[in-house]
Amino acid sequence: MSIQIPVRVTSFMRVEFTTADHPEFDRAITLPQTAPMEWIIDAYLLSIGREPLEDVEFGDDEEDYDERPRPRPHADTIDRWRMSMPALDHRPDVIVRPVDSPPLGAPVVAASASAPSPTAQGDWLTQAAPFREDDVNRELMRRHGVVRPYFDDTDMRDVDPRIRRSSRIATLLSGLTSARRLALLAHIDAVDLLRDSVHDRAMVETAVAPLAALLRHLGGTGAAQDPVTGWFSDADVERLTRAVGWESASEETRTGGETLIAFARRAKLIRRFKGRVVATAYAKGLTQPSRGTLAALAGTIGASTRERYGMPLPRRDAEGALALLAIADGTAQHLDELPNHVAAGAVLLDATNSIYGSDRFDRILSSGMSDDVGDKSEEITRLREGFAALSAPKQFGVITPAMREVARCALI
């Protein structure tokens, strides 16, 4: 078995206190980078023989520094500030440096001094205690404990370390029952869903051909807005459909043209300007075949609900992933088959998972945040519309290799 959770120790820092003309107050405190400021003050006061404060107060000397950085340095950085407290009659300068973690079992907070401390003199009841490193660190250990390892299971929380936690396929995997999740993980490897993308210029040109035809139809000056719809006239829709190569004797001819226009509007590939419909700069860049074109199409067509609405709708994302998977793995041959594939997969979502088993998020957002947020079926309609806009000539809705690659990119 290759699964093993690593043992780690938290990162540490050294906080150095120096006071001009008073080397007897110079100390270095080693403690975790995540330790609160109170621990620093507590350790410093103990190291100079003072009682720790219950309510710590400290201030900044703005004449020396513009601001006091947090005492949590990153590698190779040094933070500085000047500290003052009512319990002190001096104001030490403070420098914070990253250091290696102490060995296991050492005090989690430890103090040291560069100069020897004077021996005890006078009445022990009233005089400040001299700095004796072992005694001070033993007291700090009693207060804060020792360095302990912890198990870092961050990498084990995902269903598969190869799959991005925010990907659409990860959302689907998280929503399935245990046995179906194992089956899907095996299927992902069987169809090589996680393979590296290989640039195929011919495939990219096939994918963007309908969009390129739309831009050629618009030309440099665009098309006149229809006075009724505000977008394309019926004649423009028919000419565009023929230009793309989707003409036929059926009603599907006009539907294809309208689908391409609807996708272009939603993807912000076209806009209205001074009475005309024109292409956007984004559209002109998208239709130029490049290594990133299919990934850009995947981001536009397969955008998650978090990207579109600012918050996730997990069940809707999972059902969208079912549609994308049916395209990517070759299960579906035509876009009209997607609703059936989604329905068959949706019944496998874990009914005990409150997020996937309810429509709570849909009810929250059904007040009109967007045209499609209140209707769950619109998620599949949106995907069908986007992929239909990539259809090959005389094959409107037929799934092509370019569509499968775009769907794969959208999933992972």
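General remarks:
- So E133, is it under 30 Å from G105 (Cβ atoms) and either touching a helix residue (DSSP H, G or I) at 6+ places or on another chain (Cβ under 7 Å) or of a type in the set (V, I, T) (or both): no
- Selection status of L322, within 24 Å of the chain's Cα centre (by Cα), more than 19 Å from T206 (Cβ to Cβ) and modelled with pLDDT of 90 or more: yes
- Test: V204 is in contact with a Leu (Cβ under 9 Å, 6 or more places away or on another chain) and not hydroxyl-bearing (S, T, Y): yes
- Residues of the range 194-211 that turn out to be buried (at least 19 other Cβ atoms within 10 Å of the Cβ) and over 15 Å from T400 (Cα atoms), as a count: 1
- Qualifying residue in the range 186-199 (condition: among the β-branched types (V, I, T) and assigned to a loop (DSSP other than H, G, I, E, B)): yes
- The set of residues from the range 82-134 being modelled with pLDDT of 80 or more, in contact with a Leu (Cβ under 8 Å, 6 or more places away or on another chain) and of a type in the set (A, V, I, L, M) comprises V108, V109, A110, A111.
- One residue stands out among those in the range 340-391 that are touching a strand residue (DSSP E or B) at 6+ places or on another chain (Cβ under 7 Å) and either among the aliphatic types (A, V, I, L, M) or open to solvent by 60 Å² or more (accessible area, probe 1.4 Å) (or both): the one that is modelled with the highest pLDDT, which is L348.
- Candidates are the residues of the range 1-29 that are modelled with pLDDT of 85 or more and under 25 Å from the mean Cα position of the chain (by Cα); the one that is most open to solvent (accessible area, probe 1.4 Å) is S11.
- Pairs with Cβ under 7 Å, 6+ apart, first in the range 166-195 and under 15 Å from A326 (Cβ atoms), second of a type in the set (S, T, N, Q): R168/S304
- Within the range 227-247, being small (G, A, S) and closer than 19 Å to A209 by Cβ holds for A243, G245.
- Residue match in the range 221-233 (condition: over 15 Å from L390 (Cα atoms) and in contact (Cβ under 8 Å) with a residue 60 or more places away in the chain): no
- Residue that is nearest to P401 (Cα to Cα), among those in the range 212-230 that are assigned to a loop (DSSP other than H, G, I, E, B) and open to solvent by less than 50 Å² (accessible area, probe 1.4 Å): G219
The values are calculated or read from the model by the stated rules, or taken from the named source; none is laboratory data. If you're wondering where the values come from, they're calculated on a predicted model, not measured in any experiment. Virtual Cβ from ideal backbone geometry, glycine too; neighbours counted across all protein chains shown. To get the accessible areas, we keep the full protein, side chains included, count just its heavy atoms, and leave off ligands, DNA and RNA. Shrake-Rupley method; radii C 1.70, N 1.55, O 1.52, S 1.80 Å.
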